[in-house]
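Undergrad: The structure's right below; bear with me while I get my questions together.
Just so you know, all these numbers are worked out from the coordinates, no wet-lab data involved. A quick note: this is a predicted structure, and the numbers were derived from the prediction, not measured. Neighbour counts are summed over all protein chains in view; Cβ atoms, including those assigned to glycine, are modelled from backbone coordinates with ideal geometry.
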Amino acid sequence: MRTKHAQLLDWLKTASDEDVDRTGTSRGYLKQIAYGNKQASAALAVSLERELSGALSRKELRPSDWSEIWPELSAA
C-alpha cells in the first residue's frame, strides 16, 4: 500500500530550488516519494527530516525498517 506524505507535498509547494538542492535529490524524485511511488533512502530520510524541521520524520518515511536503521530512535 502506498503512503502519501502530505507534509512533503506541502513543503514542495513552497520550497525554493536551494531548499530542494539541500536534500541531495531532485524535485521530481521528491514528488515520487511524496505520492508513495518511491521510498526515501536512509540518507534522504534524514535529509528530509532536517529540511522539513521534523514535520516529517524518518520513521514516517521508512515505517517498515526505521528501527533497524536507527535503533537509537527506539529508546526515544
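Undergrad: If you place +1 on the Cβ of every Lys and Arg and -1 on the Cβ of every Asp and Glu, how big does the dipole about the Cα centre of the chain come out, in debye to the nearest 20?
TA: Value, rounded to 20: 320 debye.
Undergrad: Sticking with this one: In vacuo Debye scattering of the chain, one point per C-alpha: log10 I(q)/I(0) at q = 0.27 Å⁻¹?
TA: These q points yield log10 I(q)/I(0) values of -1.40.
Undergrad: To make sure I understand, if each residue's beta carbon is the centre and we count other beta carbons within 10 Å, what order do 22, 62, 2 fall in, fewest to most?
TA: 2, 22, 62
Undergrad: Given a Förster distance of 22 Å, report the FRET efficiency between residue 12 and residue 68 from their Cβ-Cβ distance, rounded to the nearest 0.05.
TA: 0.20
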